[in-house]
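Structure record follows, encoded as structure tokens.
No value in this document is a laboratory result; all are computed from the given coordinates. Computed from a predicted structure; not experimentally measured. Ideal geometry is used to build each Cβ from the backbone, glycine not excepted, and the neighbour counts take in all protein chains shown.
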């Protein structure tokens, strides 16, 4: 069977069932395991699939966005470790932007006592920040219950009146070619603006966000440093060519 035909069959199988083992693909194409491995390697370089242990998965551009309550409680240990690292970067008197998100929420307790000024588009962060005596500004905009974020033209207009020492932004996808991505174009604009308005920009993301691609691009990887719990050496090496990656211990 010609290589192009075999690879078409591989992609067709993955598109239909999203994941497949090397053995399944070998049987479907009547090709050897070593041949399938070479096909998967080539197709991954062409960004047509993602190799996983024992097989491959289909790359989808993600429009789906989980609800805030569905994300609460997921990867809590990793998120807290990331938050500790993020908090260690915050200096006395810094002016900060803290993005809406479940990982960024973990950063808030690590700001206590540092005399910071915080701007946020997360309406559910405000109560905690005020109770801790942290000077807080909240953007205007339309309240989005799914993520707890304020978005839209009013949010963007109010954000433009600030400049930040540092920002901490949550993200849905990190990819060496497609950069930082998120499902909602309006949220993407807020995140992009915060990065552009900050002297130092940080994206906080656990290992599940890597090699994922969502619908709306936020920025190229070189625009922000990444704080993550990822421990996959090869992926860190690939991303480190484009941006700084700070890895926290699991």
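Summary of computed values
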| quantity | calculated |
| --- | --- |
| Among beta bridges that DSSP assigns inside the stretch 94-206, antiparallel share in %, nearest 5 | 30 percent |
| The chain, helix-only ellipticity at 222 nm - DSSP H runs n ≥ 4, -39,500 (n - 2.57), divided by all residues, nearest 500 | -10500 deg cm²/dmol |
| Computed log₁₀ I(q)/I(0) - Debye formula, equal Cα scatterers, no solvent, the stretch 68-247, q 0.18, 0.20 Å⁻¹ | -1.19, -1.50 |
| Among 197, 230, 89: highest mean-square fluctuation, GNM of the chain, C-alpha pairs under 10 Å | 89 |
| Efficiency of FRET between residue 157 and residue 131 - r from beta-carbon atoms, R0 35 angstrom, step 0.05 | 0.80 |
| Cubic angstrom per residue, convex hull over Cα atoms of the stretch 3-59 | 63 Å³ |
| Zone of residue 220's modelled label, taken as backbone nitrogen in the stretch 140-184 under 16 Å from a point 7 Å along Cα→Cβ | 175-181 |
| Within a Gaussian network of the chain (alpha carbon springs, distance under 10 Å), most fluctuating of 88, 12, 57 | 12 |
| Candidates 38, 142, 189: whichever shows maximal mean-square fluctuation once the chain is modelled as a Gaussian network with Cα springs under 10 Å | 38 |
| The chain - share of DSSP beta bridges that are antiparallel (%, nearest 5) | 40 percent |
